Amino acid sequence: MTGPTAHAALGASSAYRWMACPGSVELTKDIPRKSSAYSLEGTAAHAMGELAIKEGKDPVAYVGEDFDGVIGTLDMANAVKVYVDYVWGLKDAGYQVEIEHRFSLEKLEPPAPMFGTSDCVAYSLAERLLVVADYKHGAGVPVEVEDNPQLKYYALGALLSMNPDAKVQTVRLAIIQPRAQHKDGPVRTFDLPAGELLDFAEDLLAAAHRTTLPDAPLAAGKHCRFCAAQPMCPELHREAQLVATEEFAKPLVDPRLLSPEQLGAILEKADLIEDWLRSIRQHVQTELESGRDVPGWKVVPKRASRVWANEREVLDWAKQQGLQTDELYDQKLKSPAALEKVVGKKNLPEALVAKVSSGYTLAPANDPRPAITNVAADEFSALTGPSV
């Protein structure tokens, strides 16, 4: 299992932020990295995947294992298996595969250390194809693969680490995220010519140099969401205050009285306010957990749920009790995505599969999903029978 590694201030996982907001590097430098239950679970899932690949086992073999305080579960193993199967597929196809590939961009002479570790790097000599795959265990926010700066950073590191005689024509970026719903499924890829990485390298280094400027600019935007400096960022506060002044200094209006243009403009600005409020809540909780007082607020335990303390011990106990498999597990038909990995995508009849949405949700106009129009009328039509 891979142990703890150092984190670069100009690392790949935060490139989306510091490339857009150079001043965030200085602002976050003294903020300690704080682990959450989600990040610890993600680290455990990565460790499970790495172990399964290295030992050639199904991830379910590690259910009940302790990964630095996080117990591997069956749900975790099922998710990790999607990543493990992808990597094994590369190996079966003849790719040279390296797991937990550590690299440095020092050949590019960056203004500060730039290095990292990518989950999986694979190379096909026959296809002149370099694959850089990243496993995402998170279920909350689907990660887009197209032009993903983190993956391009990893790909650049992989390219610089390769034998100079190796020829790469195409770079394939891959996101494996089985627990978050996405229109393109749990495995998403994006191909780009290897030459485009040189253009990206120029942009990356230019952004890196901007972070070292004494007056490195701050910029508020969607990248603020996971920034540790949210509670004390003057630019985010200024933008949030400006939005609040514009929208909330005047009397609140019934949404039905607003024009479509006004509604769209308010929603676009709402994300900024919500990010700021979220950062305030997180900061207040941190203060209270550290023993400092915030008048009017306290930290209380969440509602406890009954869970197995150790699934492996449960299975041992169940065996002693003579319990059968069908008494221990709820049988559930595999999803189309999971079953096609067993029989092969081409062998799964399309007629057996239907794409059913779980409902509707708001999305920006530039979201790639097709818009649904006149939902109320469509649902009414579906409920009413033919006229007589």
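The values are calculated or read from the model by the stated rules, or taken from the named source; none is laboratory data. Only a predicted model underlies this, so the values are computations on that prediction, with no experimental measurement involved. Every residue, glycine among them, receives a Cβ derived from its backbone with ideal geometry; neighbour counts consider all protein chains shown. Calculation scope for accessible area: heavy atoms of the full protein, side chains included, ligands and nucleic acids excluded. Shrake-Rupley method; radii C 1.70, N 1.55, O 1.52, S 1.80 Å.
First compute the accessible area of the chain with a 1.4 Å probe, then give the percent of it belonging to carbon and sulfur atoms. If you can, show how the numbers build up before the last one.
Working: 13850 of 25520 Å².
With neighbouring chains kept in place, the figure for the chain is 54 percent.
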### Query
Between Ser13 and Asp92, what is the spin-label point distance in nm, taking each point 7 Å from the Cα along the Cα→C-beta axis?
3.1
### Task
Show the residues, 5+ positions off or on another chain, whose built amide H is closer than 5 Å to the amide H of Cys120.
Glu100, His101, Ala133
## Note on the structure
Per the 1/(1 + (r/R0)^6) rule, R0 = 30 Å and r from the Cβ atoms of Ala194 and Arg225, FRET efficiency to 0.05 is 0.45
#### Entry: Estimated vicinal HN-Hα couplings, Hz - segment 125-131 in sequence order (Karplus 6.51, -1.76, 1.60; Gly, Pro = x)
5, 5, 9, 6, 10, 9, 10
### Whole-angstrom Cα spans of segment 62-200 along principal axes, big to small
44, 35, 26
### Task
Give the share of C-alpha pairs in each 10 angstrom bin for the chain, from 0 to the last occupied bin, in whole percents, shortest bins first.
4, 17, 25, 26, 18, 8, 1, 0
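What do you get for GluC sites (Glu not before Pro) in segment 53-130 restricted to DSSP loop and a cutoff of at most 16 other Cβ within 10 Å of the site's Cβ?
Numbers: sites: Glu55, Glu65, Glu98, Glu100, Glu106, Glu127; in loops: Glu65, Glu127.
Passing both the DSSP loop test and the Cβ count: Glu127.
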### Query
In straight Cα distance, which aspartates and glutamates are under 17 Å from Lys54, not counting same-chain residues fewer than 8 positions off?
Glu65, Asp85, Asp92, Glu98, Glu100, Asp119, Asp134
### Message
Can you tell me the length gained on complete extension of the stretch Trp317 to Lys345, counting 0.36 nm per residue apart and subtracting the Cα distance?
### Response
6.2 nm
### Summary
Restricting to Cα pairs under 8 Å and 6 or more apart, the percent relative contact order of the chain works out to 15
### Message
Assuming 0.36 nm per residue, please report the length gained on full extension of the stretch Leu125 to Lys183 beyond their Cα-Cα distance.
### Response
17.7 nm
### Task
With a/c under 1.5 counting as rounded, go ahead and sort segment 157-227 into rounded, prolate or oblate using the C-alpha gyration tensor (a ≥ b ≥ c being the square roots of the eigenvalues; past the cut-off, prolate if a/b is larger than b/c, else oblate).
oblate
### Query
In the chain, which longest range has no chymotrypsin sites (Phe, Trp or Tyr not before Pro) that are both DSSP loop (not H, G, I, E or B) and surrounded by at most 10 other Cβ atoms within 10 Å?
1-328
### For q = 0.20 Å⁻¹, Debye-computed log10 I/I(0) when each Cα of segment 63-142 counts as one equal scatterer
-1.03
### Message
For segment 221-350, take the convex hull of the Cα atoms, compute a quarter of its surface area, and give me that in nm², please.
### Response
17.2
## Note on the structure
Over segment 2-84, with neighbouring protein chains present, the accessible area per residue in Å² at probe 1.4 Å is 49
### Task
Would you calculate the volume per residue, in Å³, of the smallest convex hull containing every Cα atom of segment 106-265?
176
### Message
Test of understanding: in a Gaussian network model of the chain with alpha carbons linked when under 10 Å, which of Pro111, Pro32, Pro301 would top the mean-square fluctuation ranking?
### Response
Pro301
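Taking segment 268-361, which trypsin sites (Lys or Arg not before Pro) meet the DSSP loop condition and have no more than 10 other C-beta atoms within 10 Å? Display every interim value, and only then the final one.
Working: sites: Lys269, Arg278, Arg281, Arg292, Lys298, Lys302, Arg303, Arg306, Arg312, Lys319, Lys332, Lys334, Lys341, Lys345, Lys346, Lys355; in loops: Arg292, Lys298, Lys302, Arg303, Arg306, Lys332, Lys334, Lys355.
Answer by residue number: Arg292, Lys298, Lys302, Arg303, Arg306, Lys332, Lys355.
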### Translational D in µm²/s for segment 1-104 (Stokes-Einstein at 4 °C, 1.567 mPa s, Kirkwood Rh from C-alpha pairs)
82
### Message
If I model a spin label at Met232 and Ile31 as a point 7 Å from the Cα along the Cα→Cβ vector, what separation in nanometres do I get?
### Response
0.9
### Task
Please identify which residues in segment 74-95 have an amide N closer than 13 Å to a label point set 7 Å out from the Cα of Ala61, following the Cα→Cβ vector.
none
### Task
Find, among the trypsin sites (Lys or Arg not before Pro) in segment 198-239, those assigned to loop by DSSP (not H, G, I, E, B) with at most 12 other beta-carbon atoms within 10 angstrom.
none
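Nearest-5 percent of antiparallel DSSP beta bridges in the chain?
Numbers: 22 of 29 bridges.
Roughly 75 percent of the DSSP beta bridges within the chain come out antiparallel.
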### Task
Set the Förster radius R0 to 45 Å, insert the Cβ-Cβ distance between Ala206 and Val356 as r into 1/(1 + (r/R0)^6), and round the FRET efficiency to 0.05.
0.50
